[in-house]
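The values are calculated or read from the model by the stated rules, or taken from the named source; none is laboratory data. Computed from a predicted model, the values in this text were never measured in an experiment. Please note: Cβ atoms are built from the backbone with ideal geometry, for glycine as well, and neighbour counts cover all protein chains shown. Each accessible area value is taken on the protein alone, full model and side chains, heavy atoms only, with ligands, DNA and RNA left out. Shrake-Rupley method; radii C 1.70, N 1.55, O 1.52, S 1.80 Å.
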Amino acid sequence: MSDSPSTFAERLQAFWHGRRDPWLALWTLPLSWLFAALAGLRRAAFACGLLRRERLPAPVVVVGNIHVGGAGKTPLTLALLAELRAAGLRPGVISRGYGGAARQAQAVHAHDDPAQVGDEPLLYAQAGFAVAIGRRRSEAGRALLAAHPEVNVILADDGLQHYALARDIELAVVDGGRGFGTGRLLPAGPLRESVSRLARVDAVVVNGDAAPPDLPAHPRCFHMRLQPGALYQLSQPARRCAPADLPGRVVALAGIGHPQRFFDTLRQQGLTPARCLAFADHHAFTAADLPADADAVVITSKDAVKWQALDNGKLWVLPVTAQLDAGLVSWLVSTLKELRHGQQAA
């Protein structure tokens, strides 16, 4: 195979989202059937009790998706944490810690090294929330409650397919812009589970104003919208800047699940970068990744936690927050309070 990994990844993404490629179709389809069979057997084993699910002593809300790559899960989780706290609950978040080297379940603190704990957990911790990581999410949950006994609601960042952790509520995030591509499971398509799985979650959250046409009907389908904030300099967060006022040659850089969304957002804000550099999700940045020809480099909040130790004064962050449907918040808060009341009564 002559393609370099990055070129092959781009080719596969294009195939998933509509470009004809007979060679990829020939070898990915049988593997997709095998993936579906194995995933179905595993799901059935948990459903019938052959594999054990572990329940934590606090309600668990899984925030996940069926599509690989970024769908907006991180800004949704941050927004939900803030809304639950504002409603009087004491939420915490658990994560597998993708991109981090830590092997043991542990609490995450705002000063931790992202190379050890992962970028998303550190982002949550720096936002002021209780966080723990673990290769097994049940272990992460126990570490969270041990370090933060005040936590009475646990959000699981990702983990819709991690059936070993019992959950009380499942939220599935759907990218309204990209949809489901070929609609097939990996590697013939971008899906971890079939689209029909969305009919069985407790609520669907569509990122964007329009839902994909093949989204199954759901009684609780809400929308969220990503709202860009003001650009700020990483080395001096109090220093703000309008996109048009960035100095000199501007380069955009992103190592997230769907970098193109970030680049499109910049253009919508009136900023046309000289170059857009896309890296793999959870990429471990080094100083060599910083473009030498740039006067200003615009990055995401998620990537910013990894750039703090490498900042050369040229890095600017575009924060993005999720604006949630009021119906989603009110339904989730009331459901969680009922669950907690039931647990206390029991």
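At 7 Å along the Cα-to-beta-carbon direction for both residue 162 and residue 311, put a label point, then send me their distance in nm to one decimal.
With each label point 7 Å from Cα toward Cβ, the separation is 3.0 nm.
Could you give the dipole magnitude of region 111-191 about its Cα centre, charging the beta-carbon of Lys and Arg +1 and that of Asp and Glu -1, in debye to the nearest 20? Let's see the in-between values first.
Numbers: 7 positive and 11 negative charges, 76 e Å.
Result for region 111-191 is approximately 360 debye, rounded to the nearest 20.
Might you report the magnitude of the Cβ-based charge dipole of the chain about its Cα centre, with Lys and Arg at +1 and Asp and Glu at -1, to the nearest 20 debye?
Details: 36 positive and 30 negative charges, 153 e Å.
Value, rounded to 20: 740 debye.
Modelling each spin label as a point 7 Å along the Cα-to-Cβ direction, I'd like the residue 42/residue 87 distance in nm, to one decimal.
3.0
What number comes out for accessible area per residue over the chain if the probe is 1.4 Å? Units Å², please.
Values: 15560 Å² over 346 residues.
On a per-residue basis, the chain sits at 45 Å².
Could you work out the Kirkwood radius for region 70-228, taking every pair of different alpha carbons, averaging 1/r and inverting it, reported in Å? If you can, show how the numbers build up before the last one.
Numbers: mean 1/r = 0.0606 Å⁻¹.
About 16.5 Å, per the Kirkwood formula over Cα pairs.
Taking only pairs that are 8 or more places apart or on different chains, how many Lys pairs in the chain have Cα atoms under 27 angstrom apart?
Working: 73/302; 73/306; 73/337; 302/314; 306/314.
Step by step, the pairs that qualify in the chain add up to 5.
Mind computing the radius of gyration and Dmax over the alpha-carbon atoms of region 51-92? Å is fine for both.
12.9, 37
Quantify how much of the Cα-Cα distance distribution of region 120-175 extends past 12 Å, in percent. Intermediate results must be reported in sequence, preceding the final value.
Values: 1042 of 1540 pairs.
Tail of P(r) above 12 Å: 68 percent of Cα pairs.
Any chance you could get the radius of gyration and Dmax over the Cα atoms of the chain, in Å?
Every Cα atom of the chain included, Rg and Dmax give 20.4, 63 Å.
Considering the options 152, 124, 141, tell which one lies farthest towards the positive end of the dipole of region 98-227, charges being +1 on Lys and Arg and -1 on Asp and Glu at the Cβ, about the Cα centre.
The residue sitting most towards the positive pole is 141.
Express the carbon and sulfur contribution to the solvent-accessible surface of the chain as a percent, rounded to the nearest whole number, probe 1.4 angstrom.
On the way: 8550 of 15560 Å².
C and S atoms contribute 55 percent here.
Is the shape of region 264-324 best called rounded, prolate or oblate, per the rule: a/c under 1.5 gives rounded, else a/b larger than b/c gives prolate, else oblate, with a ≥ b ≥ c the square roots of the Cα gyration tensor eigenvalues? If you can, show how the numbers build up before the last one.
Working: a/c = 1.74, a/b = 1.24, b/c = 1.41.
Oblate.
Is region 305-346 best put as rounded, prolate or oblate by its Cα gyration tensor, with a ≥ b ≥ c the root eigenvalues, rounded for a/c under 1.5, and otherwise prolate when a/b is larger than b/c, oblate when not?
On the way: a/c = 11.07, a/b = 2.52, b/c = 4.39.
Oblate shape, in that a/c is at least 1.5 and b/c is the bigger or equal ratio.
Dipole of region 13-97, Cα-centred, from +1 at each Lys and Arg C-beta and -1 at each Asp and Glu C-beta, to the nearest 20 debye? Kindly include the intermediate steps, with their values, before the conclusion.
Values: 11 positive and 3 negative charges, 41 e Å.
With only Lys, Arg, Asp and Glu charged at Cβ, the dipole is about 200 debye.
Can you show me the helix-derived [θ] at 222 nm for the chain, built from DSSP H runs with n ≥ 4 at -39,500 (n - 2.57) apiece and divided by the number of residues, rounded to the nearest 500.
Working: 9 runs with 112 residues, N = 346.
So the helix-based figure for the chain works out to -10000 deg cm²/dmol.
Only helices at least 18 Å long along their axis, Cα-based, and averaging 1.0 or more on Kyte-Doolittle count here, so list those DSSP H runs from the chain. Display every interim value, and only then the final one.
Details: long enough: 22-47 (37 Å, 1.08); 73-86 (20 Å, 0.68); 326-345 (29 Å, 0.06).
Counting only whole DSSP H runs, the qualifying helices are 22-47.
What nm distance separates the two modelled labels at residue 275 and residue 103, each placed 7 Å from Cα along Cα→Cβ?
Result: 3.8 nm between the two label points.
Taking region 33-158, how much of its Cα-Cα pair set, in percent, is spaced more than 17 angstrom apart? Walk me through the numbers on the way to the answer.
Working: 4625 of 7875 pairs.
When all Cα pairs of region 33-158 are counted, 59 percent exceed 17 Å.
Go through 128-135, 240-247, 322-329 and give me the packing order, highest mean Cβ count within 10 Å leading.
Values: 128-135: 23.0, 240-247: 13.2, 322-329: 16.2.
So the order, starting with the most tightly packed, is 128-135, 322-329, 240-247.
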